[in-house]
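The values are calculated or read from the model by the stated rules, or taken from the named source; none is laboratory data. As the structure is a prediction and not an experimental result, all values here were calculated from the model. In this analysis, Cβ positions are derived from the backbone assuming ideal geometry, glycine residues included, and neighbour counts consider all displayed protein chains. All accessible areas refer to the heavy atoms of the entire protein, side chains included, with ligands and DNA or RNA removed. Shrake-Rupley method; radii C 1.70, N 1.55, O 1.52, S 1.80 Å.
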Amino acid sequence: MEQTYFSALLLTSLVMSQGDECIVGVIGENVNLPCIYNGGKDLTSLLLSSEWKRDVEVIHTTNWKKQQEDTQNVSRGTTVSSSARNSGDFTMVLRDIRLSIAQKYSFHLKLQGQENSIIVCTVFLSVAGHFSHTTVLRENIVNGEKTQLVCNTKGGLPAPNIYWIIDHTQRPPETAIITYVNSLPQSQLYNITSVLSIYIPPDTVVACVIENYVLNETLTTTIYGVKSNVEERRLSKYLWIFSTVLSVAVFLLVAASLCYQRKLDRDIKRRKHFRCGDCSYSEETELNVMDMNQWASLPETDV
């Protein structure tokens with residue numbers, strides 16, 4: 001009779017606390033499936049068993065005895081706190097989630113010895129994936145011709161909303177956009193490529209926007225205006241002219257320097273030659289030297 005009373009009380013409490021939740025998990029990460037018992041009955045005084053189910057498949061079971069716990073994981077990758085009966089928090093952790101486990105989950109409690117269990121919580125799990133940062137390439141940048149812009153992102157789920165913005169405010173016509181959605185090899189993740197073909201000036205600012213509404217994520221890549229090929233050719237021509245003029249100027253400076261050096265060398269040689277001429281002249285001057293015998297034979301003169 002006491003067990004029947006506890007069962008009825010537990011049933012009343014659980015019906016009051018039952019509720020549905022929607023949870024989004026990210027592929028390759030862990031996710032918590034929440035379930036909180038808010039009933040008024042102290043569960044620690046009861047002999048309980050619990051089950052987490054994925055649809056109808058039991059994936060985690062726990063049996064509680066007085067002051068004891070016996071937990072069995074039916075499938076790997078699930079965890080429930082060992083203090084769940086005391087705290088009332090029966091949240092289950094799913095590890096390394098995959099797309100295939102995006103289903104309905106339910107948590108059940110029952111008194112040991114009873115046939116029927118009571119659904120405490122129902123959780124709907126959706127699975128999504130982060131898209132990689134977008135890359136944008138710009139081609140055919142010529143005035144008067146169509147410009148092609150290619151935006152790419154991959155590795156995400158579900159297929160996102162993708163659109164373009166021109167000069168921060170304008171949306172191009174839909175007819176100018178072609179979007180390709182492909183699944184990556186051996187995966188259900190998406191590879192998205194969007195091509196925008198439009199007549200725009202080369203200096204136009206264009207942004208590609210990827211919206212993953214499930215994860216509430218928005219990725220934006222902006223490519224700023226670039227110079228056209230004509231302007232690039234003009235710039236290249238100006239640089240060529242500048243380099244040519246600079247080369248000629250350097251050549252003239254070098255030639256002038258060489259001429260000046262040669263003139264300076266000639267002047268130095270001329271000065272040296274002039275000094276050497278004076279010295280040779282003085283060396284060739286004849287000196288008349290009188291012999292002592294001749295000096296003695298000279299007639300004496302009275303002074």
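Structure values in brief
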| read-out | value |
| --- | --- |
| Any hit, segment 226-234, residues being hydrophobic (A, V, I, L, M, F, W, C) and modelled with pLDDT under 55 | yes |
| Residues (small (Gly, Ala, Ser) and outside any loop (DSSP other than H, G, I, E, B)) located in segment 147-162 | GLY155, GLY156 |
| Residue within segment 20-36 that is on the phi < 0 side of the Ramachandran plot and modelled with pLDDT under 85 present | yes |
| Selection from segment 133-146 of residues that are in a strand (DSSP E or B) and either open to solvent by less than 40 Å² (accessible area, probe 1.4 Å) or not hydroxyl-bearing (Ser, Thr, Tyr) (or both) | VAL136, LEU137, ARG138, GLU139 |
| Residue within segment 147-166 that is more than 30 Å from GLU51 (Cβ to Cβ), buried (at least 19 other Cβ atoms within 10 Å of the Cβ) and hydroxyl-bearing (Ser, Thr, Tyr) present | yes |
| Candidates VAL120, VAL127 - the one that is closer than 13 Å to LYS53 by Cβ and touching a helix residue (DSSP H, G or I) at 6+ places or on another chain (Cβ under 7 Å) | VAL120 |
| Any chance LEU109 is open to solvent by 40 Å² or more (accessible area, probe 1.4 Å) and over 28 Å from SER187 (Cα atoms) | no |
| Segment 182-206, subset assigned to a loop (DSSP other than H, G, I, E, B) and closer than 17 Å to THR221 by Cα, residue least open to solvent (accessible area, probe 1.4 Å) | THR204 |
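Matching residues to (1) free of Cβ contacts under 8 Å to residues at least 40 places away in the same chain; (2) farther than 26 Å from CYS22 by Cα; (3) not in a strand (DSSP E or B):
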{"site": "SER50", "(1), (2), (3)": "no, no, no"}
{"site": "THR62", "(1), (2), (3)": "yes, no, no"}
{"site": "SER82", "(1), (2), (3)": "yes, no, yes"}
{"site": "VAL93", "(1), (2), (3)": "no, no, no"}
{"site": "ILE97", "(1), (2), (3)": "no, no, yes"}
{"site": "LEU109", "(1), (2), (3)": "no, no, no"}
{"site": "GLN114", "(1), (2), (3)": "no, yes, yes"}
{"site": "VAL127", "(1), (2), (3)": "no, no, no"}
